[in-house]
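The values are calculated or read from the model by the stated rules, or taken from the named source; none is laboratory data. In this text, all values refer to a predicted model and were calculated from it rather than measured experimentally. Glycine gets a Cβ as well: all are built from the backbone with ideal geometry, and neighbour counts include every protein chain shown. In case anyone asks, the SASA skips ligands and DNA or RNA and just uses the protein heavy atoms, side chains included. Shrake-Rupley method; radii C 1.70, N 1.55, O 1.52, S 1.80 Å.
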Amino acid sequence: MEWSDGKGRCRWANPKNPAYIAYHDSEWGRPLHDDRALFELLVLETFQAGLSWECVLNKRPAFREAFEGFDPARVAAFDEAKQARLAENAAIIRNRRKIAAAVRNAAAFLEIQKEWGSFDAWLWHWTGGEALVECGPATSPLSDEISRDLKRRGMAFVGSTVVYAYLQAAGVINAHEPGCFLAPGR
């Protein structure tokens, strides 16, 4: 595909959506170590299940507002009334099960922070702090193992495919395709 700026990119990046291009170029696949940003991606990836990432990305500003800046402590405290209001918010994806999962996952996220000192420490321990290079699969033995651990800790909507996409987004797995200007070794 020809890009107006001459840079090759991953095939999934939509050249007609500036937000998508910016996400690809400046966020996706870059090692992330900020707990709040890691929580944001976790919530967004769980909402993406069954939908396109572009759909979720286009609603990201509304999600940030609705989920109070993705502060896990605040999200964990969302009561039934708050969850019902979110289910009426047309600016976000109004799936009640995913909203409830975000609240449940926030509580588990906080428990992981307590146990490990940070969610970042827990996440990156799986790879010894190193980003993996892998392009092509939708799941892996690593995403299978992390998915099982998250489910054991009480999280929902964290199947292996969602976890694999999360690992790619957070830069734990660098999956930029050959020909992309961000591909490993370029």
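Worth a mention:
- The range 39-124 - percent of accessible surface contributed by carbon and sulfur, probe 1.4 Å: 49 percent
- With the helix formula -39500 (n - 2.57) applied to DSSP H stretches of n ≥ 4, the chain reaches a computed 222 nm mean residue ellipticity of -15500 deg cm²/dmol.
- Modelled spin labels at R96 and E145, positioned 7 Å past Cα toward Cβ, are 3.9 nm from each other.
- HN-Hα J in Hz across the range 127-140 - Karplus 6.51, -1.76, 1.60, θ = phi - 60°, x for Gly and Pro: 10, x, x, 10, 6, 8, 10, 7, 9, x, x, 9, 8, 7
- The chain: proportion of alpha-carbon pairs further apart than 25 angstrom, %: 34 percent
- Qualifying GluC sites (Glu not before Pro) in the range 76-155, DSSP loop, other Cβ atoms within 10 Å at most 16: E88, E130, E134
- Packing rank of 46-53, 136-143, where each peptide gets the mean count of other beta carbons within 10 Å, highest leading: 46-53, 136-143
- Take each peptide in 60-72, 14-26, count the other Cβ atoms within 10 Å of every residue, and average; sorted highest first, the result is 60-72, 14-26.
- Take the chain with all the other protein chains still there, run a 1.4 Å probe, and you get 48 Å² of accessible area per residue.
- Amide H contacts under 5 Å for N174, placed H, 5+ residues apart: L132, V133, E134
- Convex hull per residue volume in Å³, alpha carbons only, for the range 1-105: 101 Å³
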